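Just so it is clear, none of the values below were taken in a lab; they were calculated from the coordinates. Note that this is a predicted model, so its numbers are computed, not measured. Quick reminder, even Gly has a Cβ in these numbers, built from the backbone with ideal geometry, and neighbours come from all protein chains shown.
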Amino acid sequence: MVFVAPKLTADQGTEILCQVWAAARGRRKRFLANMSTLIANHCFRLLDHEPRINFSNSFNLALHDSTARVRYNFTIAQLHRVSIQLQLPQDNLRTPEGDVVSSVEALAMVCRRLTDPSKLFTVADGFGRSTTAYNRKLKTTIAIMYANHATLLYFARATVLKPQDDYSAAVARKGSPLRACWAFIDGTKQYIARPSARANPESSFENLQRSVYSGHPRRHCLNWQAVTAPDGLIISVYGPVEGRRHDTTMLIMSGLLEYMHKEGWFEGNVIYGDPAYEKHLIM
């Protein structure tokens, strides 16, 4: 069995190095020999070299439509139009750290990240950006989009206002006994790594691992709730919440049923959920 050194904080690492230096009595060769012995016995782990980014790569505004659709799900012309509809800055987008990028390229970065399941390095390398710079631009763009359209994520009312009857008819044509069902609700789990304890917990009873652990898949995860129309459009998204929460609890936390109950045009229509949800006048 090979011993693997645990991760240390900067203060812990500095303290150990000072102790090794003191044991070497200030002699450089002895200090290096002691460090070599500790590394050989896996008491220290050296960081791997960061992968090299090909900075000659860049975003190509003249990219062929077929290639752009594969990379971003949109053509370059469509990215221009979508950036306007999303109310992104029309000249350049600036991050809090001072990075500057065009709105079209920033939107392309978001689309590429959502389209390609590759590692962050692979996606960032395609734009000729470091992973940290790419991540800063990505988060800033998403923050702007969320600030402008957060209400649509909770419930896209205008999307279902007119085609609601068409949705119900489409479900009925598939043989459903429910003639007024127009959408479907379900929860999904996003698996995450096991969280470590925070340095400054809010209380002595805080246990992050227990909070996000779900006994059904036996994994640490975050829960999301979504309402989907028959044509595949996502009408509502809520989350994330702790993985230990049940779907019914998440529905109560979201306040979705109360919102739909206040909207008079939902009366007489229902959404369908699996047996984990309780029955309701509109579900």
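Data for the structure
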| item | result |
| --- | --- |
| GNM top mover of 267, 15, 206 - the chain, alpha-carbon springs below 10 Å | 15 |
| Amide H contacts under 5 Å for residue 183, placed H, 5+ residues apart | 272 |
| Shape call, the range 94-210: gyration tensor on alpha carbons, a/c limit 1.5 | oblate |
| Packing-based exposure ordering (other Cβ within 10 Å, fewest first) of 274, 247 | 274, 247 |
| Overall form of the chain per C-alpha gyration tensor (a/c, 1.5; a/b vs b/c) | oblate |
| In sequence order, calculated HN-Hα J values of the range 219-235 (Karplus, 6.51, -1.76, 1.60; Hz; x Gly/Pro) | 9, 7, 7, 10, 9, 10, 10, 9, 10, 10, 7, x, 8, x, 6, 8, 8 |
| Helical mean residue ellipticity (222 nm; -39500 (n - 2.57) per DSSP H run of 4+; nearest 500) of the chain | -13000 deg cm²/dmol |
| Relative exposure of 18, 43, judged by other C-beta atoms within 10 Å (fewest first) | 18, 43 |
| Rounded if a/c under 1.5, otherwise prolate or oblate - the range 69-137, Cα gyration tensor axes | oblate |
| Max mean-square fluctuation residue, GNM over the chain, Cα-Cα springs under 10 Å, options 73, 223, 34 | 34 |
| Top of 21, 182, 265 by mean-square fluctuation, Gaussian network on the chain, Cα under 10 Å | 21 |
| Over the chain, relative contact order from alpha-carbon pairs under 8 Å, at least 6 apart, % | 12 percent |
| Taking 261, 49 and counting other C-beta atoms within 10 Å, the order from fewest to most | 49, 261 |
| With Cα atoms, 0 to 90° folded angle of helix 103-115 axis to the chain main axis | 90 degrees |
| Between helix 28-40 and the chain: long-axis angle, C-alpha atoms, 0 to 90°, nearest 10 | 40 degrees |
